[in-house]
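Undergrad: Below you'll find the structure I mean.
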Amino acid sequence: MLRDLIGAIVFTAAVLAAVDFIGDIAVRPQLTSVSAPAPTPAMETAETATSATGSTPAPETPAVVASTRDLGGDAQKGKKLFRKKCQNCHTMDKGGPDRTGPNLWSIVGRTKASREDFRYSRTMESLGGVWTLAEINSLITRPRSFVPDTKMVFAGLKKEQERADVLAFLQTLTD
Ligand code: HEC
């Protein structure tokens with residue numbers, strides 16, 4: 001009788017220990033499987049975002065080039081607009097100096113914030129990748145929205161047509 005009781009207690013203890021042990025095994029992989037994939041979607045999003053902002057030639061780029069054409073971006077008009085709106089701060093010729101803003105020769109596809117001697121804002125410097133038409137479009141729509149601490153003190157070009165013209169002109173600034 002006593003042996004039976006001790007036996008039952010030992011058995012119960014063993015079962016409890018086993019359940020505890022199995023529980024640990026069962027729970028641990030669950031925990032890792034819950035926490036491990038979690039960063040993955042975030043990383044995917046980050047990757048998508050990076051490719052969308054064009055550190056590699058994103059599929060978005062030709063679409064924007066096409067839409068610039070669709071909008072009838074006129075490089076001649078863009079040059080006039082550039083003289084009026086941008087030239088106070090930016091030179092556009094090859095080898096031209098930086099002024100209030102950096103020289104913009106070959107800016108489409110140029111690495112962001114890459115003029116050696118120009119002191120960019122912190123955010124501009126941390127953007128990374130090369131300038132796509134889409135991003136220059138966003139920048140000149142309202143610089144402060146694109147780069148909150150920007151040194152580019154420029155209200156922006158509100159008219160889509162004017163931006164398309166300026167972008168068409170900027171595309172000509174290349175060898
Ligand atoms: C009041 C001066 C000013 C005007 C006007 C101005 N910019 Fe800028 N621009 C700057 C400054 C300063 C920077 C650097 C911004 C920073 O570091 O945040 C800059 C940066 C840029 C850059 C990024 C250059 C690089 O090397 O990465 C582009 C592109 C640009 N401007 C285009 C334009 C265009 C196009 C216009 C006209 C529609 C224009 N800007 C008007 C001052 C100006």
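The values are calculated or read from the model by the stated rules, or taken from the named source; none is laboratory data. Here the structure is a predicted model, which is why all the values come from computation and not from measurement. Cβ atoms come from the backbone with ideal geometry, glycine included; neighbour counts cover every protein chain shown. Surface areas here come from the heavy atoms of the whole protein model, side chains and all, with no ligands, DNA or RNA. Shrake-Rupley method; radii C 1.70, N 1.55, O 1.52, S 1.80 Å.
Undergrad: Rounded to the nearest 10 Å², what accessible area does residue 130 show when all protein chains are kept and the probe is 1.4 Å?
TA: 40 Å²
Undergrad: For 98, 165, 149, what's the largest-to-smallest order of accessible area, 1.4 Å probe?
TA: From most exposed to least exposed: 149, 98, 165.
Undergrad: Still on this structure: Work through the residues other than residue 100 whose Cβ is under 12 Å from its Cβ and net out their charges, Lys, Arg +1 and Asp, Glu -1.
TA: Its environment carries a net charge of +2.
Undergrad: Also: Using the Karplus curve 6.51 cos²θ - 1.76 cosθ + 1.60 with θ = phi - 60°, what ³J(HN,Hα) values do you get for each residue of the stretch 124-134, in whole Hz, with x for Gly and Pro?
TA: 4, 5, 8, 4, x, x, 10, 6, 8, 4, 4
Undergrad: If you average the sequence gap of Cα pairs under 8 Å that are 6 or more apart and divide by the length of the stretch 56-172, what percent do you get for the contact order?
TA: 36 percent
Undergrad: Give, to the nearest whole percent, the P(r) tail of the stretch 56-172 beyond 21 angstrom, counting all Cα pairs.
TA: Values: 2175 of 6786 pairs.
Value for the stretch 56-172 (Cα pairs over 21 Å): 32 percent.
Undergrad: Report in % the part of the accessible area of the stretch 56-172 that belongs to carbon and sulfur, leaving out ligands and nucleic acids; probe 1.4 Å.
TA: Summing carbon and sulfur atoms, their accessible area is 52 percent of the total for the stretch 56-172.
Undergrad: What residues qualify as long-range amide H neighbours of residue 130, i.e. H under 5 Å apart, gap of 5 or more or another chain, H built at 1.01 Å from N?
TA: Amide H to amide H, under 5 Å and 5 or more residues apart or across chains, residue 130 pairs with 55, 112.
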